[in-house]
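Everything on this sheet refers to the single structure shown next.
The values are calculated or read from the model by the stated rules, or taken from the named source; none is laboratory data. Just so it is clear, the model here is predicted, and its values are computed rather than measured. We place every Cβ from the backbone using ideal geometry, glycine too, and count neighbours over all the protein chains shown.
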Amino acid sequence: MIKFMILHNNLILGVDTLPGSSPQSLTQPKFSAVVVNDKGEVVESFDEVNLRKLLKIIKSYAPKIVATDNVFELAPTIKSLVKLARHIPPDVKLVQVTGAPGYGFQPLETLAVNYGFSTATKLSPIKSAEICARLASLGVGFELLFFENETKITISKGHGSAAGGMSQARFQRGAQVTVLRATKFVEKKLKEAGLDFDLEIKRSPHGLEGSVFIVYAPREKLRGIIRPVKQRDLKISITPVYKREVEYKPLKSQASMSKPEERYVIVGIDPGMVTGIAVITLDGEPLAITSGRGISRGYISRFIASYGRPVIVASDVNPPPDIVTKLSVAHDAVLYAPPKSLSTAEKQQLVHELTSKWKDISVKDTHQRDALAAALKAYQAYKGKLDQCVAHVKEFGANISSMDLVKALVIKGKPIKEAIELAAPKPPQPPPKPLEVKPVEHKPLSEREVKLQEALKSLSEEKRSLENKVSELQVKIRELEDEIERLRREERLEIKKAQEVLSLSQEVEVLKQTIVVQRAEIETLKNKLQNYAQLIKLLASGQAKILKFMKAITRDSLNELRKSFEVKKGDIMDVSSGHPLEEGVVGELAKADGKAILSPSPDEALVRVLERKGIPVLDATQYGLELLDQTPIIRDYTKLEEDIKKQSVEIRKKAREAAMSDMARILDEYRAQRAKEFMAK
């Protein structure tokens with residue numbers, strides 16, 4: 001864990017290696033170290049310390065600068081330098097005072113003479129360390145930059161969201177929604193903090209699969225705003241963005257070291273998922289063409305800066321995209337967009353003209369083509385003015401330091417004459433007078449001064465000790481806060497787990513009850529199926545017979561029956577009720593030659609009316625009727641048929657007896673009438 005120190009902002013640590021020591025040797029290198037304040041006064045010196053002890057000194061004093069004449073004396077390679085930088089508090093600058101690539105170098109002894117620190121041609125390690133520190137206190141030297149001024153925030157699903165089985169889809173949906181909410185939360189926090197950022201998202205049907213923020217601020221600025229998260233369904237990681245190469249940044253303007261002449265360029269940008277970048281000179285000569293997926297605005301700026309200072313940032317569309325506008329503002333460049341968006345044919349023509357002239361230029365994709373077309377279109381728009389600049393310089397024979405500077409000033413709106421005057425070389429400034437080093441006369445200290453000096457030293461040590469304790473307590477507080485947050489996350493996770501377990505248990509109980517009900521239904525259906533199978537066999541063999549159902553012997557019931565079936569000879573009717581009873585319907589059933597009527601517990605009136613029409617009436621409860629999809633079926637048709645025959649015989653017998661009785665009555669009446677007529681004569 002990195003411990004954050006309270007910096008002694010007025011302290012600078014100078015470091016130099018001892019003779020014979022090297023970080024590449026098998027033995028541990030030894031260093032001399034000197035702590036000075038911002039006035040260049042020595043606070044404390046250390047001789048013959050190894051790298052581990054040196055790091056302890058840095059953490060103890062926490063100076064604002066660690067200065068040396070050669071950073072590779074601390075670590076032999078760039079990779080090991082980056083590793084060393086991780087062990088130094090983040091606010092401590094690592095400075096090389098003797099120069100930097102691209103700026104030139106000067107020996108430490110020369111700098112010491114120029115600034116009046118020493119006149120010796122050979123410096124001891126302890127003196128070299130002191131001079132490094134004192135030079136850095138004056139702003140001499142170059143800070144080594146290992147990290148971009150950017151931080152990457154990655155939001156993704158937690159590993160716990162990959163549940164399997166029936167719950168997989170539900171877990172995935174929940175995780176996607178969680179990632180979306182976290183992305184909106186982080187975006188809101190960054191906006192509230194006023195931090196510049198780019199956001200890239202990967203959408204999903206229910207939310208987001210993941211998102212990446214590139215925040216244009218160091219990691220330290222995000223502390224207290226966004227914290228890393230590692231939960232079951234969410235992961236937020238915060239990492240600094242490392243530079244691809246270590247950069248050297250001057251502490252301030254270096255009078256003794258001149259930077260090479262700056263080149264001005266025109267840049268074309270085609271932003272998107274794949275971004276195209278093209279860089280050309282102010283003479284229209286191509287310098288670089290590239291494209292890449294998911295590259296940040298910061299990377300684009302650094303790529304451009306490696307070829308020169310952009311004076312125009314161009315787009316191939318109108319209005320230009322936001323990222324092109326932001327880049328032009330960031331580089332203090334002119335924003336160019338064509339009057340109307342370039343067509344594909346225009347872009348192809350522009351690029352073809354360039355590649356015909358520069359055979360070694362290769363345009364690999366449409367993004368590179370669009371970026372190059374934007375830069376060339378901007379160049380064409382300003383070409384007339386740029387040519388006038390060259391003509392004016394030649395005409396007046398002006399002595400200028402840089403033609404590019406004249407052109408850049410004109411592009412930014414300066415008149416050509418004023419631009420030429422500004423680009424004219426300035427008269428050389430006399431070198432600074434070396435500081436006069438006067439020998440210091442050492443007087444013996446009085447007893448009171450000695451005591452005061454000892455008391456001051458004791459108080460300084462006590463102050464340092466207290467500050468270290470404060471630093472340790474701050475670290476402890478941070479650790480405890482992190483522990484509290486971890487425990488809270490675990491508690492929330494446990495509560496969520498308990499809720500999910502309870503929910504799942506209830507769901508299981510409901511499913512169990514559903515299974516019981518469904519099994520009962522299946523058993524019922526199985527029994528019905530078996531019963532239906534038996535009935536079908538009995539119907540096929542003639543042992544069972546389908547009956548035709550009527551609610552009552554009424555016109556409505558008969559019409560309802562006729563919607564599904566035809567009433568024909570030999571039909572057996574199942575009548576659920578004998579009332580009401582319509583004589584006309586009885587006549588129609590008799591006319592259709594119905595075979596019989598079954599009714600539960602038929603009354604005498606029903607039997608009398610139907611038997612009068614010759615239709616047998618039997619008690620339905622005696623024959624065990626069953627329903628097959630609301631259709632009545634009688635299983636033992638043989639018995640019913642026998643009973644119908646017996647009933648029919650009985651009805652016919654009653655009918656004959658009634659007829660004989662009527663005949664006898666009629667004969668008796670006739671005889672009585674004839675006898676009465678005979679007696680009357």
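Looking at the structure I just gave you, is Lys537 under 15 Å from Ile634 (Cβ atoms), more than 60 Å from the chain's Cα centre (by Cα) and surrounded by fewer than 13 Cβ atoms within 10 Å (Cβ to Cβ)?
In short, yes.
If you go through the stretch 634-659, how many residues are among the aliphatic types (A, V, I, L, M) and loosely packed, with under 12 Cβ neighbours inside 10 Å?
Final tally of qualifying residues: 3.
Report, by residue number, each residue of the stretch 315-346 that is touching a Lys or Arg at 6+ places or on another chain (Cβ under 7 Å), aliphatic (A, V, I, L, M) and not in a helix (DSSP H, G or I).
Val334, Leu342, listed by residue number.
Count, please, the residues in the stretch 71-91 that happen to be more than 13 Å from Leu145 (Cβ to Cβ) and among the small types (Gly, Ala, Ser).
2
For the stretch 498-546, which positions are charged (D, E, K, R) and at pLDDT 80 or above?
Result: Glu500, Glu507, Glu509, Lys512, Arg519, Glu521, Glu523, Lys526, Lys528, Lys537.
Which of the residues belonging to the stretch 559-587 are outside any loop (DSSP other than H, G, I, E, B) and closer than 21 Å to Leu628 by Cα?
The answer is Glu560, Leu561, Arg562, Ile572, Met573, Asp574, Val575.
Need the failing condition index for Gly624 against (1) on the phi > 0 side of the Ramachandran plot; (2) touching a residue at least 60 places away in the same chain (Cβ under 8 Å), just the number.
Against the list (1) on the phi > 0 side of the Ramachandran plot; (2) touching a residue at least 60 places away in the same chain (Cβ under 8 Å), Gly624 comes up short only on (2).
Looking for whichever is over 30 Å from Phe142 (Cβ atoms), outside the structural domain of Tyr216 (by TED's automatic domain parsing), β-branched (Val, Ile, Thr) and surrounded by fewer than 17 Cβ atoms within 10 Å (Cβ to Cβ) here; the options are Thr290, Thr344. Which one fits?
After applying the criteria, what remains is Thr344.
Which of the residues belonging to the stretch 213-237 are closer than 30 Å to Glu500 by Cα and either of a type in the set (Val, Ile, Thr) or assigned to a strand (DSSP E or B) (or both)?
Within the stretch 213-237, Ile226, Val229, Lys230, Lys235, Ile236, Ser237 meet the criteria.
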